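Colleague: Structure provided below as structure tokens; questions to follow.
Bear in mind these aren't lab numbers, they're just calculated from the coordinates by the rules spelled out. On a predicted model such as this, the values are computed, not experimentally measured, just so you know. Neighbour counts run over all protein chains shown; Cβ positions are idealised from the backbone, glycine included.
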Amino acid sequence: MRRMISPDRVALTGTILGLSALLLSWLILKPNRLAVGTSLNLWESLGGGAAVAIVLLWLVCLVLSLGEVKRSHGIAVGVSANLILILTFILVGLASNRLLQGEAAIARVSLGTGFWVTLAGAYTVIFAARRHLDDRRTWRKLVSWSGLSVFAILLSIGWLNKVSVMEEFSGYQQRFVQELLQHIRLFGISGAIGTVIGIPMGIWATRNKYAEKPVFFITSMVQTIPSLALFGLLIALLSALSFAFPVLRDIGIRGVGVAPAIIALTIYSLLPIVRNTYVGIRKVDPAAIDAGLGMGMSRWQVFRRVEVPLAAPLVLEGVRTAFVQAVGLTTVAALIGAGGLGWFVFRGIGQAAPDLIILGAIPVIILAVLVDGIMRTAVRLGTPKGLGVENR
Amino acid sequence: MIRLHQITRRYEETIAVNGLSLEIEKGQICVLIGRSGCGKTTTLRMINRLIEPTSGRIFIDGRDTASIDAEKLRLSIGYAIQSVGLFPHMTVFDNIAVVPQLLHWEKKRIARRVEELLELVGLKPAEYARKYPSKLSGGEAQRIGVARALAADPPIMLMDEPFGAVDPLTRERLQAQFIHIQQEVKKTILLVTHDLDEAIRLSDRIAIMESGRLVQYDSPEVMLSRPRNKFVRDFVGADRALKRLSRIGIKNFIKPAATVNVNRPVKQVIASAGSYRWLWVVDDNQRLIGWVDRSTLAQSASIKEAMDEGDTGEISLSDSATLREALSRMLGLGFKCIPVIDDGQRLVGEVALGDIEAATTEEEDRQ
């Protein structure tokens, strides 16, 4: 009798990505930061022993993701993927030092596609592993964060300083801190304004049947405008305004720069917040509202004591989406002179220096993950007891 | 206590309630019944002003409700609904405490009251007070809903199908408990239902409504024996004689039963049994344990050997049962009479089929 085997498709996808990365170039040795350079494969880059270890770890993932899914597999697959990451990070640091020995001072070691595809594969596998660890919180945290933690430690002790991206960083250190803070300011301010405007708009839409349609029409339509186009529109609008009313220019509102960026980012953050607030309040059990009114609560008391707490989880979920989305969108703001991490991305594109692009892009990803984590905690804290799964 | 005077409620094209007048006496349960859309819920909701009447007036203790602040009015009226509407983010304790809190009771008084109410509805305070509604069964939630409505001890209760959302077995238990609670609290209650059996079981008076109008307002007995028109006759159904039996307790129909102690010698029993064919067998404490056929007695050495043992819960009735239950039990068991026991399982007598028949024909004759 043939046994039906249902492989873990997500883990399998990640593993195949990881295995295919073995054939790609891992490190690129360049005579200078803009030159093409020579590609090195896995064993040329990291050495034979490391290559064997990584291949073996991927094979473990392959076998486990083909078999029946069990929770212990989740742990094993997750740990393997993290080991691959840790091994890669450590060895890339070692290898870049080794490869640069005897080379000219302007020579660079860049990360190749093999490295990036390995990262993607490993995190796909980790994502798959997390799904099997819902009831094992410690393992879940370990599997999610250990690779990233080792990476952070290696970064801080200078282990990876010889990698080209870090060389770029050391050249732009001050600028980096400045643009990082600017990035946080931009998405932070626009997310906050979006929340302050969006929640009342959502509530208004539930209360007024004439408000509902236009509110959603406008917020959804704006969402479909490409960010670049919206920035462009705002530049035109704001320069016209500041030309007409010079007082605006005095308080810092001009066609380019921070003002249009914050306005555009705020507009984008409205839809998730308005929509979730609307749905959150609409979803409150009408019987609970009827009971509240029938028992003698005022309309305001029903809102404050019944609707707000019951809608809170969904509203906060909308705020989370808005913030995470804003982290990414803020990158584009650099194009109109608002600064932020996008500055490195567009400068990198301009100079045809891929490592500079990466210097901007990677922190954006990490920032998004961090903001997501923080906001998830906020959602959990904002969910009243009795509604959450924790209530057991 | 509650007086509705010529109440009308219009919705654009339709009239939900049409010139309805109704009076509910203090301490009575009035059940509003009718098909869905007949205006019964609208009527109920106009009493605590969740819906305002288009015209007409409602008086509570002689005061026009329109002159009372709506929220104050509602705080003084208990309100329980079919979907219960417990607040899922509040514990059972906080749910029950809502109205007392709105009335700014002291904390200690609220705690005492919640405990009292949980006990009244038969739920252990220690076990239930801290639970969240998502952890309650349907029956438990409905009982909490009733407890919440009773929280501030309002003289009036409005209940919209309060036992609607549970299975029939639980519903019957809740109704029995409700009758029991009402005997203790003596509220003036207006209850909406579409379940005629529930209405007959719970009400002092039934108000039947049809398309916004009151058709008949009478005690269940009168409603069943003298339906005013075809609509009411159809509504109460062809089996209304049977339904009426559920309004009559068996208490007045209990007759002394032929019993025999299980330890008595067989010969003595045969000699003294008279003309009875069946004898109920009891133990030394007068507790019913079975029955015996006199014809088999002669061939047996002891009563224990000759008797049929039965689950006493199955073959007997409690003395608080109704004639309808007695009849249904008899038909089920194939008995012509059925023993009645008290709370302590002691045999108090029996009810005979012939007497039930007599009771129904007597009623028919009176019509």
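Colleague: Could you check what % of the DSSP bridge pairs in the protein assembly as shown are antiparallel, to the nearest 5? Don't jump to the answer; show the numbers that get you there.
Modeller: Working: 41 of 66 bridges.
That works out to approximately 60 percent antiparallel.
Colleague: Another one. Please get the size of the charge dipole for the protein assembly as shown, origin at its Cα centre, with Cβ charges of +1 on Lys and Arg and -1 on Asp and Glu, quoted in debye to the nearest 20.
Modeller: Details: 86 positive and 68 negative charges, 369 e Å.
Using Cβ point charges on Lys, Arg, Asp and Glu, the protein assembly as shown gives about 1780 debye.
Colleague: Would segment B:85-139 count as rounded, prolate or oblate if I go by the C-alpha gyration tensor, calling it rounded below 1.5 in a/c and otherwise prolate when a/b exceeds b/c, oblate otherwise? Intermediate results must be reported in sequence, preceding the final value.
Modeller: Working: a/c = 2.13, a/b = 1.34, b/c = 1.58.
Since a/c reaches 1.5 but b/c is at least a/b, the shape of segment B:85-139 is classed as oblate.
Colleague: What percent antiparallel are the DSSP beta bridges of chain B, to the nearest 5?
Modeller: Details: 34 of 58 bridges.
Of the beta bridges lying entirely in chain B, close to 60 percent run antiparallel.
Colleague: If you put +1 on each Lys and Arg Cβ and -1 on each Asp and Glu Cβ, how big is the dipole of chain A around its Cα centre, in Debye rounded to 20? Please report the intermediate quantities before stating the final value.
Modeller: On the way: 35 positive and 18 negative charges, 184 e Å.
So the dipole magnitude of chain A works out to roughly 880 debye.
Colleague: Taking Cα centroids, how far is segment A:208-251 from segment B:158-205 in Å?
Modeller: Result: 59 Å between the Cα centres.
Colleague: Taking K and R as +1 and D and E as -1, what net charge do the other residues with C-beta under 10 Å from the C-beta of B:PRO227 add up to? Display every interim value, and only then the final one.
Modeller: Numbers: positive: B:ARG226, B:ARG228, B:LYS230, B:ARG233, B:ARG240; negative: B:ASP218, B:ASP234.
Combined, the nearby Lys, Arg, Asp and Glu give +3.
Colleague: Given 5 Å bins starting at zero, what is the percent of C-alpha pairs of segment B:29-95 in each, up to the one with the largest pair distance?
Modeller: Each 5 Å bin holds this share of Cα pairs: 3, 13, 20, 23, 17, 13, 8, 2, 0.
Colleague: Still on this structure, please answer the following. Efficiency by 1/(1 + (r/R0)^6): what FRET value for A:SER239 and A:LYS209, r their Cβ-Cβ distance, R0 = 51 Å, to the nearest 0.05?
Modeller: Numbers: r = 38 Å, r/R0 = 0.75.
Efficiency, from the Cβ-Cβ distance: 0.85.
Colleague: Moving on. Given the C-alpha atoms of chain B, compute the convex hull and give its volume per residue in Å³.
Modeller: Details: hull volume 60.2 nm³, N = 367.
Given the Cα convex hull of chain B, per-residue volume reads 164 Å³.
Colleague: Looking at A:LEU271, B:VAL282, B:VAL166, which one has the Cα that reaches farthest to the positive end of the dipole of the protein assembly as shown (charges on Cβ: Lys, Arg +1; Asp, Glu -1)?
Modeller: Ranked along the dipole, the leading option is A:LEU271.
Colleague: Per DSSP helix of 4 or more residues, -39500 (n - 2.57); summed, then divided by the residues of chain B. What does that give at 222 nm, rounded to the nearest 500?
Modeller: Working: 18 runs with 143 residues, N = 367.
So the calculated ellipticity at 222 nm is -10500 deg cm²/dmol.
Colleague: May I have the convex hull volume per residue, in Å³, for the Cα set of segment A:129-200?
Modeller: Details: hull volume 10.8 nm³, N = 72.
So the per-residue hull volume is 149 Å³.
Colleague: May I pose another question? So what does log10 I(q)/I(0) come out to for segment B:161-238 at q = 0.17, 0.26 Å⁻¹, using the Debye formula with one equal point on every Cα and no solvent?
Modeller: Rounded to two decimals, the profile gives -0.72, -1.29.
Colleague: How large is the dipole of chain B about the Cα centre if only Lys and Arg carry +1 and Asp and Glu carry -1, each at its Cβ, rounded to the nearest 20 debye? All intermediate terms of the calculation are to be shown ahead of the outcome.
Modeller: Values: 51 positive and 50 negative charges, 153 e Å.
Roughly 740 debye, rounded to the nearest 20.
Colleague: If I histogram all Cα-Cα distances within segment A:9-163 using bins 10 Å wide from 0, what percent of pairs lands in each bin?
Modeller: 12, 39, 31, 14, 4, 0
Colleague: With only alpha-carbon atoms in the gyration tensor, what are the semi-axes of the equivalent ellipsoid for segment A:173-381, in Å, largest first? Walk me through the intermediate numbers first.
Modeller: On the way: eigenvalues 272, 88, 34 Å².
Here the semi-axes work out to 37, 21, 13 Å.
Colleague: Next up: For a test of the definition: using alpha carbon positions, the gyration tensor, and the 1.5 limit on a/c, classify segment B:63-116 as rounded, prolate or oblate.
Modeller: Working: a/c = 2.55, a/b = 1.42, b/c = 1.80.
In terms of gyration-tensor shape, oblate.
Colleague: To the nearest 500 deg cm²/dmol, what mean residue ellipticity at 222 nm is calculated for chain A from DSSP H runs of n ≥ 4 alone, each contributing -39,500 (n - 2.57), summed and divided by the residues?
Modeller: Working: 16 runs with 293 residues, N = 392.
Mean residue ellipticity at 222 nm (helix-derived): -25500 deg cm²/dmol.
Colleague: Next question, about the same structure. Once you have a ≥ b ≥ c as the square roots of the Cα gyration tensor eigenvalues for segment B:63-175, tell me rounded if a/c is under 1.5, and otherwise prolate or oblate according to whether a/b is larger than b/c.
Modeller: oblate
Colleague: Over chain A, calculate the relative contact order: mean separation of alpha carbon pairs under 8 Å at least 6 apart, over the residue count, as a percent.
Modeller: Details: 560 pairs, mean separation 59.8, N = 392.
Normalised by residue count, the contact order of chain A is 15 percent.
Colleague: Net charge within 13 Å of B:LEU44 by Cβ-Cβ distance, Lys/Arg positive one each and Asp/Glu negative one each, not counting B:LEU44 itself?
Modeller: Net local charge, B:LEU44 excluded: +2.
Colleague: For B:VAL348, what charge total do you get from the other residues with a beta carbon under 12 Å from its beta carbon, if Lys and Arg give +1 and Asp and Glu give -1?
Modeller: Working: positive: B:LYS251, B:LYS255, B:ARG287, B:ARG346; negative: B:ASP319, B:ASP342, B:ASP343, B:GLU350.
My count for the surroundings of B:VAL348 gives 0.
Colleague: Using every Cα-Cα pair within segment A:140-291, state what percent have a distance larger than 24 Å.
Modeller: Percentage above 24 Å: 58.
Colleague: From the P(r) of segment B:170-324, can you give the percent of Cα pairs sitting at distances over 22 Å? Walk me through the numbers on the way to the answer.
Modeller: Working: 6904 of 11935 pairs.
Tail of P(r) above 22 Å: 58 percent of Cα pairs.
Colleague: Just to be sure I follow: if Rg is taken over the C-alpha atoms of the protein assembly as shown and Rh is the Kirkwood radius over the same atoms, what is Rg/Rh?
Modeller: Working: Rg = 39.5 Å, Rh = 33.7 Å.
Ratio value, two decimals: 1.17.
Colleague: Averaged across the residues of A:295-305, what count of C-beta atoms belonging to other chains lies within 10 Å of each residue's C-beta?
Modeller: Values: counts 17, 17, 6, 4, 1, 0, 3, 0, 0, 0, 7.
Counting Cβ atoms of other protein chains within 10 Å of each residue's Cβ and averaging gives 5.
Colleague: To make sure I understand the rule: partners must be lysines, Cα under 16 Å from the Cα of A:LYS162, and not fewer than 8 residues away in the same chain. Which ones qualify?
Modeller: A:LYS30
Colleague: Now for a different question. With springs only between Cα atoms under 10 Å apart, run a GNM on chain A and tell me which of A:MET295, A:MET166, A:MET201 wobbles the most.
Modeller: Among A:MET295, A:MET166, A:MET201, the largest GNM mean-square fluctuation belongs to A:MET295.
Colleague: May I pose another question? Pairs of alpha-carbon atoms within less than 8 angstrom and 6+ residues apart define the contacts here; what relative contact order does chain B have, in percent?
Modeller: Values: 666 pairs, mean separation 57.4, N = 367.
In percent, rounded to a whole number, it is 16.
Colleague: Right, here's the next one. Rounded to whole Å and sorted largest first, list the principal axis extents of the Cα atoms in segment B:217-282.
Modeller: 61, 18, 16
Colleague: Ok, one more. For segment B:251-364, what size does the Cα cloud have along each of its three principal axes, sorted from largest down, in whole Å?
Modeller: Each principal axis gives a Cα extent; for segment B:251-364 these are 48, 28, 22 Å.
Colleague: Shifting gears a bit: Provide the descending list of Cα extents for chain A along its principal axes, expressed in whole angstroms.
Modeller: Taking max minus min along each principal axis of the Cα atoms, chain A gives 78, 72, 37 Å.
Colleague: Here's a follow-up. Rounded to the nearest angstrom and ordered from largest down, what semi-axes does the equivalent ellipsoid of segment A:251-295 get from its C-alpha gyration tensor (root of 5λ)?
Modeller: On the way: eigenvalues 332, 24, 3 Å².
Ellipsoid half-lengths, sorted descending, are 41, 11, 4 Å.
Colleague: Just checking the output field for B:78-84: average partner chain Cβ neighbours within 10 Å of each residue's Cβ?
Modeller: Details: counts 2, 7, 3, 4, 1, 6, 4.
Across the residues of B:78-84, the mean count of other-chain Cβ atoms within 10 Å is 4.
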